[in-house]
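The values are calculated or read from the model by the stated rules, or taken from the named source; none is laboratory data. Quick caveat: nothing in here was measured; it's all calculated off a predicted structure. In this analysis, Cβ positions are derived from the backbone assuming ideal geometry, glycine residues included, and neighbour counts consider all displayed protein chains. Accessible surface is based on the protein model in full, side chains and every heavy atom, while ligands, DNA and RNA are left aside. Shrake-Rupley method; radii C 1.70, N 1.55, O 1.52, S 1.80 Å.
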Amino acid sequence: QYWTAERLNLPYDQWSKASVDQLKTKVRDSKWRLGYHIQPESGLLNDPNGFSYYNHQWHLFYQSFPFGPVHGLKSWAHLVSPDLIHWQDVHQPMIPDSSNDRNGCYSGSALPINDQLFLMYTGNIWDNGVRKAKQNGAFVNQDNQITKLAHPLIDQPSEGITGNFRDPQIIKHANYYYAIIGAQTDNRRGEILVYRSKYLDHGWYYYRKLDIGTNDLGYMVECPNLVFIDGRPVIIFCPQGMSHKHLKYANKYPNTYIVGKDFNWDKMKFINPSKIQQLDNGFESYATQAINAPDGRVLEVSWIGMPDLEEPDAEDGWTNALSLVRELSLDGEQLTQKPAAENKGLSDHELKSINGMEVPKQCLLDFAPTENKGSQFAITSGESHLLIDVDDDNNRLTLHRLNKNGNEEQRIINMDTAKVSDCQIYLDNSLFEIYINGGEKLMSGRVFFSHSVINATWIDCQAVELTQLKKLN
Ligand code: FRU
């Protein structure tokens with residue numbers, strides 16, 4: 001076995017440049033590479049981190065293990081963009097090189113402070129086989145150089161909380177900085193803890209639990225984000241081991257949200273919280289990071305992947321990707337997720353759409369089911385496919401995925417299918433995002449077709465439109 005514990009934890013400066021270059025060459029030849037989504041140049045990508053707008057550009061980091069397609073010692077890769085679609089890696093990652101993060105720079109967030117960008121992240125530490133966590137800080141300057149603070153901002157509480165204490169989201173409200181942190185109690189229950197400080201680089205103390213109206217948050221909460229849409233609080237989080245009694249989800253780990261009518265900052269409490277809902281009804285979507293952007297929009301980006309999953313791209317030395325950036329809005333207690341307006345810049349040209357035709361590897365397929373009649377839309381390749389079945393008899397929309405390995409899986413949305421008026425599929429070779437009714441529902445994931453030619457076919461659909469999208473990578 002190549003990935004021994006020693007290799008997974010080898011300090012970054014002990015990997016030779018030649019071995020990384022060799023891996024990058026192999027990755028470039030992979031037939032699963034994406035055209036317009038963020039993907040790793042080599043190795044593994046997971047959570048989006050530090051999404052922010054600073055120094056006249058967007059910044060987005062991600063959890064990275066650049067030496068192989070496995071969950072090894074994590075760093076933060078750093079990308080910048082003028083427009084949320086063209087992303088460039090600045091090649092100055094934040095690497096785990098301090099005693100406060102020696103077993104990984106885990107997930108976190110960013111906040112512009114004066115002329116610097118402040119990062120808050122979790123230092124993962126293994127101490128004689130026991131996991132420990134520290135919440136650390138770092139500043140990014142205008143040349144994208146990262147300087148870590150020498151002292152942790154928040155130590156793991158000495159009692160009550162295990163070393164699963166991570167993924168701080170830093171936000172500012174009135175006179176305080178707040179950190180919203182995912183945690184696990186000693187009796188293995190998930191919680192969201194709030195710390196605060198007046199000073200940012202010191203003076204942090206435990207404030208309260210975040211009260212989102214339910215105590216059943218599985219055995220661990222990962223990646224909590226609190227955002228405000230039209231003044232209403234929305235918490236987006238991953239409650240691992242969440243009971244199926246409260247939420248029927250088919251993925252191994254759920255990616256969820258709760259909306260409140262209002263928020264009480266003194267009590268850190270949601271007023272009239274909604275029930276918990278799924279953020280994405282597809283196969284792979286996790287660790288979403290959402291922000292109140294300075295332009296007034298609420299933006300989100302997700303990991304198109306899942307913990308404990310091995311995909312065929314890993315055979316080529318890389319794995320996983322990030323979603324398009326999406327804009328969030330509220331419709332009652334439901335989140336609507338649309339690709340951010342900038343994604344229109346991905347459109348290349350319109351193609352004539354003929355049933356059964358071959359489609360480009362990077363394309364946008366837009367279709368509407370015929371009124372009051374079941375309809376199907378499929379992207380097929382040899383015996384593999386991605387198929388959307390709108391079943392009006394049972395008010396059920398089913399996404400079927402048959403990968404090249406012959407593995408057939410489904411994800412189902414129970415909804416009023418008569419109201420399904422518009423579906424958009426962003427296809428990017430081995431990744432898809434399906435927006436139903438302008439983002440009322442979202443289904444994302446990967447698809448590994450058996451052949452290189454892919455065709456679009458449909459039954460009882462109207463106004464099918466096909467747009468070739470740009471290849472940016
Ligand atoms: C979620 C997660 C986070 C953690 C990071 C480590 O996918 O487990 O909780 O900070 O990944 O890479």
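Brief remarks follow.
- Residues satisfying the stated conditions in the stretch 349-371, i.e. under 28 Å from the mean Cα position of the chain (by Cα) and either assigned by TED's automatic domain parsing to the domain that holds residue 35 or outside any strand (DSSP E or B) (or both): 359, 360, 361
- For the stretch 286-319, taking the residues that are within 16 Å of the ligand (Cβ to nearest atom) and in a loop (DSSP other than H, G, I, E, B), the one that is most open to solvent (accessible area, probe 1.4 Å) is identified as 310.
- Selection status of residue 20, assigned to a helix (DSSP H, G or I) and modelled with pLDDT of 95 or more: yes
- Unique match (being in contact (Cβ under 8 Å) with a residue 12 or more places away in the chain, under 20 Å from the mean Cα position of the chain (by Cα) and crowded, with 20+ Cβ neighbours inside 10 Å) among 434, 454: 434
- Matching option when the condition is touching a Cys at 6+ places or on another chain (Cβ under 7 Å) and part of a strand (DSSP E or B), among 466, 397: 466
Yes or no, residue by residue, for (1) at pLDDT 95 or above; (2) surrounded by fewer than 24 Cβ atoms within 10 Å (Cβ to Cβ); (3) within 17 Å of the chain's Cα centre (by Cα):
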position	(1), (2), (3)
46	yes, yes, yes
61	yes, no, yes
67	yes, yes, no
72	yes, yes, no
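- Any hit, the stretch 149-163, residues being within 16 Å of the ligand (Cβ to nearest atom), within 22 Å of the chain's Cα centre (by Cα) and open to solvent by less than 50 Å² (accessible area, probe 1.4 Å): no
- Selection from the stretch 221-237 of residues that are open to solvent by 10 Å² or more (accessible area, probe 1.4 Å) and of a type outside the set (A, V, I, L, M, F, W, C): 222, 230, 231, 232
- Cβ-Cβ under 8 Å pairs, at least 6 apart or on other chains, the stretch 288-302 side within 15 Å of residue 171 (Cα to Cα), far side among the small types (Gly, Ala, Ser) and surrounded by fewer than 18 Cβ atoms within 10 Å (Cβ to Cβ): 298/329
- Scanning the stretch 104-120 for residues being touching a Pro at 6+ places or on another chain (Cβ under 7 Å) and either within 24 Å of residue 10 (Cβ to Cβ) or open to solvent by 30 Å² or more (accessible area, probe 1.4 Å) (or both) gives a total of 3.
- Verdict on residue 259 being within 28 Å of residue 398 (Cβ to Cβ), more than 18 Å from the chain's Cα centre (by Cα) and open to solvent by less than 10 Å² (accessible area, probe 1.4 Å): yes
- Check on residue 50, assigned to a strand (DSSP E or B), modelled with pLDDT of 95 or more, within 16 Å of the ligand (Cβ to nearest atom) and over 19 Å from residue 301 (Cα atoms): no
- Residues (closer than 28 Å to residue 326 by Cβ and either open to solvent by 10 Å² or more (accessible area, probe 1.4 Å) or in a loop (DSSP other than H, G, I, E, B) (or both)) located in the stretch 205-220: 210, 211, 212, 213, 214, 216, 217, 218
- Which listed residue, of 174, 183, 179, is within 13 Å of the ligand (Cβ to nearest atom), farther than 27 Å from residue 410 by Cα and of a type in the set (A, V, I, L, M): 183
- The criterion of being surrounded by fewer than 19 Cβ atoms within 10 Å (Cβ to Cβ), under 27 Å from residue 315 (Cβ atoms), within 15 Å of the ligand (Cβ to nearest atom) and modelled with pLDDT of 95 or more holds for residue 93.
- Qualifying residue in the stretch 167-181 (condition: at positive phi and part of a strand (DSSP E or B)): yes
- Tally of residues being within 20 Å of residue 171 (Cβ to Cβ) and of a type in the set (Gly, Ala, Ser) across the stretch 96-129: 4
- Residue satisfying all of: in the stretch 320-329; in a strand (DSSP E or B) and crowded, with 16+ Cβ neighbours inside 10 Å; farthest from the ligand (Cβ to nearest atom) among these: 327
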